[in-house]
Amino acid sequence: MINKVRKICVVLVDRANYGRLKPVMRAIADHPALQIQVIAAGTMVLERFGQPVQVVRQDGFPVDGEVYLELEGSTPSTMAKSVGFGVVEFSSEFQRLKPDVVLIIGDRYEALAAAVAAAYMNLCIIHIQGGEVSGSIDESARHAITKFAHFHFPSTRRSAEYLLRMGERPDTILGIGCPSSDIARELDRTLSPDLINQRGGGAQIDVARPFLLVIFHPTTTEFGGERQQMEELLASLSEIQLQTVLLWPNIDAGSDHVSKAIRRFRDLSKPDWLRSLINLSPENYLKVLANAACAVGNSSSFVRDAGYFGTPVVLVGQRQEGRETDIHVSRVQPLKCDITSAIRKQLTHGRYPPSNLYGDGQVSQRIADAIAKLTPYLQKRLHFIHDPDGQTKPPPINEGLVKVTEPLKS
């Protein structure tokens with residue numbers, strides 16, 4: 001009897017998605033019991049974001065479908081409508097590709113659209129990075145995807161425990177760790193100046209000298225305040241006057257306001273220390289992050305990946321509120337004086353010991369092996385223990401977490 005190869009459809013919706021899923025995709029592609037399918041959607045396919053889908057193809061992965069779902073405007077209304085477009089388009093792609101399993105990561109609204117489509121089409125869903133606490137509407141999207149997903153691969157032990165508290169079955173939690181740590185572990189951290197200076201625009205960056213890495217995305221639950229927040233950050237950077245690599249924001253509601261603040265500052269102040277980039281490949285982005293003297297802004301990579309390198313971080317505002325952090329992170333409000341003070345303290349402190357909070361660098365193969373062995377199912381229920389009176393109560397968390405983690409490396 002010939003065992004059927006299991007078709008795994010990986011959904012990519014932005015550059016960060018691909019940065020974390022790339023090693024998982026490689027492990028799936030190399031696994032004899034699995035066949036990879038790839039759908040690129042969201043900003044992955046948009047030219048103004050550098051079309052990261054082309055990097056996926058250059059890395060040797062097949063792109064089986066492209067989904068255009070982003071409604072122009074970057075407002076709460078356009079985000080909501082984009083989710084609807086995404087459900088329609090992902091449904092068409094899933095019907096055409098007929099995957100056995102859909103693999104989704106994170107908390108993006110585009111990923112939520114894929115989860116809704118897959119669930120209503122009776123497709124088994126695996127969710128990576130569930131159970132995390134963060135700011136913005138992203139946290140709600142993350143937990144919604146968790147409730148649609150049939151299997152989970154959370155990044156930390158606390159996240160696994162939160163999944164149990166949310167009523168997920170202990171046996172559906174396949175392991176613990178963020179796959180982006182795999183790239184970080186194997187990365188050649190040597191940073192060529194051409195990697196930065198031959199793309200984007202602005203000042204030439206001397207990578208032999210200290211530089212800042214800055215990424216600031218809008219916080220959708222604070223829509224309307226993001227331009228002032230970005231102006232406060234830029235004013236702080238102007239006072240520090242350290243050469244800076246800045247990546248443009250994502251497509252969330254308010255991103256146009258953030259971009260306008262950057263353009264206005266660049267045009268009026270003409271900073272000779274600032275270089276802006278649209279996109280970097282996963283490895284190249286991590287090289288920049290690993291070599292930065294300090295990372296400033298609100299990217300989740302500053303929480304996850306920077307810790308692996310020991311890069312000091314100044315985390316600005318509420319976008320990552322509640323997320324697990326290690327000692328390399330200093331949290332501040334989006335105020336010039338607070339940001340400036342925190343940057344100076346982090347520069348004085350220097351690098352931190354590497355952290356394995358979000359993974360040990362050997363996560364992806366465990367994910368692929370677990371996918372090959374799992375038994376798909378469709379009907380989800382809250383996993384609660386019923387007492388003799390017919391009442392329900394949450395499972396004992398410590399007992400459940402032991403069941404989850406004892407057979408696994410994390």
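Can you give the extra length, in nm with one decimal, that the chain gains between LEU97 and GLU239 once fully stretched, where that is 0.36 nm per residue apart less the Cα-Cα distance? Don't jump to the answer; show the numbers that get you there.
Details: separation 142, 0.36 × 142 = 51.12 nm, distance 5.29 nm.
This chain segment gains 45.8 nm when fully extended.
Computed over segment 206-322, the P(r) tail beyond 24 angstrom holds 21 percent of alpha carbon pairs. Model label points for ASP30 and SER77, set 7 angstrom from Cα along the Cα-to-Cβ axis, are 4.9 nm apart.
So, counting K/R as plus one and D/E as minus one, what does the shell of residues with Cβ under 10 Å around GLN318 add up to? Walk me through the intermediate numbers first.
Numbers: positive: ARG319, ARG331; negative: GLU222, GLU321.
Neighbourhood net charge equals 0.
Here the Gaussian network model covers the chain, with springs between Cα atoms less than 10 Å apart; of THR375, THR75, THR172, THR375 fluctuates the most. Note on the chain: percent of Cα-Cα distances in each 20 Å bin, starting at 0 and stopping at the bin with the largest distance, equals 27, 58, 14, 0. Peptides 280-288, 27-35 ordered by packing proxy, namely the average of other Cβ atoms within 10 Å per residue, highest first: 280-288, 27-35.
Considering only beta bridges that DSSP places wholly inside the chain, some 10 percent are antiparallel.
Using a Förster radius of 56 Å, what is the FRET efficiency between THR348 and LYS4 based on their Cβ-Cβ separation? Nearest 0.05, please.
Details: r = 59 Å, r/R0 = 1.05.
Once the sixth-power term is evaluated, E becomes 0.45.
Taking each DSSP H run with n ≥ 4 as -39500 (n - 2.57) and averaging over every residue of the chain yields -13000 deg cm²/dmol at 222 nm. Going by a ≥ b ≥ c, the root eigenvalues of the Cα gyration tensor, does segment 1-60 fall in the rounded group (a/c under 1.5), the prolate group (a/b larger than b/c) or the oblate group? Prolate.
Would you mind checking the pairs LYS147/LYS260; LYS270/LYS336; LYS22/LYS270 and listing those with alpha carbons more than 31 angstrom apart?
Values: LYS147/LYS260 37 Å; LYS270/LYS336 19 Å; LYS22/LYS270 37 Å.
Checking Cα-Cα distances, LYS147/LYS260; LYS22/LYS270 exceed 31 Å.
Taking label points 7 Å from Cα along the Cα-to-Cβ direction, ARG199 and ASP272 give a separation of 2.7 nm.
Sorting the segments 361-372, 210-221, 87-98 by their mean number of nearby beta carbons within 10 angstrom, highest to lowest, gives 210-221, 361-372, 87-98.
What is the extension gain from TYR68 to SER341, computed as 0.36 nm multiplied by their sequence separation minus the C-alpha to C-alpha distance, in nm to one decimal? Write down the numbers at each step before the final one.
Working: separation 273, 0.36 × 273 = 98.28 nm, distance 4.21 nm.
Length difference between fully extended and current span is 94.1 nm.
The slack between MET166 and ARG57, meaning 0.36 nm per residue of separation minus the straight C-alpha distance, is 35.5 nm.
Can you pull out the GluC sites (Glu not before Pro) in segment 35-74 whose DSSP state is coil and whose Cβ has at most 15 other Cβ atoms within 10 Å?
Values: sites: GLU47, GLU66, GLU70, GLU72; in loops: GLU70, GLU72.
In loop regions of segment 35-74 (DSSP not H, G, I, E or B), the sparsely surrounded GluC sites (Glu not before Pro) are GLU72.
Farthest towards the positive end of the charge dipole of the chain, among the residues MET25, ALA117, ILE145, is the Cα of MET25, using unit charges on the Cβ of Lys, Arg, Asp and Glu. Using a probe of 1.4 angstrom and keeping all protein chains present, the accessible surface of the chain works out to 41 square angstrom per residue.
The values are calculated or read from the model by the stated rules, or taken from the named source; none is laboratory data. It should be emphasised that the depicted structure is a prediction, and the values quoted were computed from it without experimental measurement. All Cβ positions, even for glycine, are placed from backbone atoms using ideal geometry, and neighbour counts span all protein chains on display. Please note that ligands, DNA and RNA were not included when accessible areas were found on the heavy atoms of the full protein model with its side chains. Shrake-Rupley method; radii C 1.70, N 1.55, O 1.52, S 1.80 Å.
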